[in-house]
Amino acid sequence: MKSRFVVALAATLAMAAPQLAHAQSMDIVSIISGIGGSEFLHDAGRANGASGLRVVRLSSLAGAEMNADLLARALQIKERDVAYLQGNLIVNPLAMSVIRNSGVSLGQIVSIDLAGDGGGVIYADDL
C-alpha cells in the first residue's frame, strides 16, 4: 500500500516540476519588475522596523541567469529606489545581522517583500 502512495506521489511531483520551475522564474521577473514600484517603496519605507527577515539570493531562483541583464538594467534605472531601501535597512540592527549572517553585503540587497507583521524576505543580487 505504501509503495503505491510513493509511486503516485513521485509521479505527481514529476509532472508538477515544470510548473514549479516556471513559478520560480516568474518570481525573479516579478522581483525585477517590482523594483521602484509602489509596493517596493511602501515596503522599503517600513524596512527600518522589519523583523523576522530572511535573505534569498537571486541566483537561487529559477531563470535567474536568463534575467541577469534585465536585473542590471532595472538596477541602473532604479538606483535611487534601491539606495532608499538600503538606507532604511542599515538602521535596522536585526536586518543588518541577517544580511551579514547570510554572507551578502548591504550593497547586494535589491528588493524586499514584507508581510503585514513586519516579517519578510530580503533579496540579494549575487548574479
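Any read-out appearing in this document is the output of simple, stated calculations on the displayed coordinates, not a laboratory observation. Please read all numbers here as calculations on a predicted model, not as lab measurements. Methodologically, a virtual Cβ is constructed for each residue, glycine included, from the backbone with ideal geometry; neighbour enumeration extends over all protein chains shown.
Below, the figures for the structure above:
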read-out: Vicinal HN-Hα couplings computed from phi for region 35-44 (Karplus, 6.51 cos²θ - 1.76 cosθ + 1.60; Hz; Gly/Pro x); value: 4, x, x, 5, 5, 4, 5, 5, 5, 4
read-out: 13 Å beta-carbon shell around Leu53, net charge (K/R +1, D/E -1); value: 0
read-out: For Ile109, distant residues with modelled amide H under 5 Å away; value: Asp125
read-out: 5 angstrom amide H check on Gly120, placed H, neighbours 5+ away; value: Leu53, Arg54, Ala115
read-out: Long-range HN-HN contacts of Arg57 with modeled amide H, under 5 Å; value: Ala124
read-out: Karplus 3J(HN,Hα) series, Hz, for region 110-119 with 6.51 cos²θ - 1.76 cosθ + 1.60 (x for Gly, Pro); value: 10, 7, 8, 10, 9, 8, x, 8, x, x
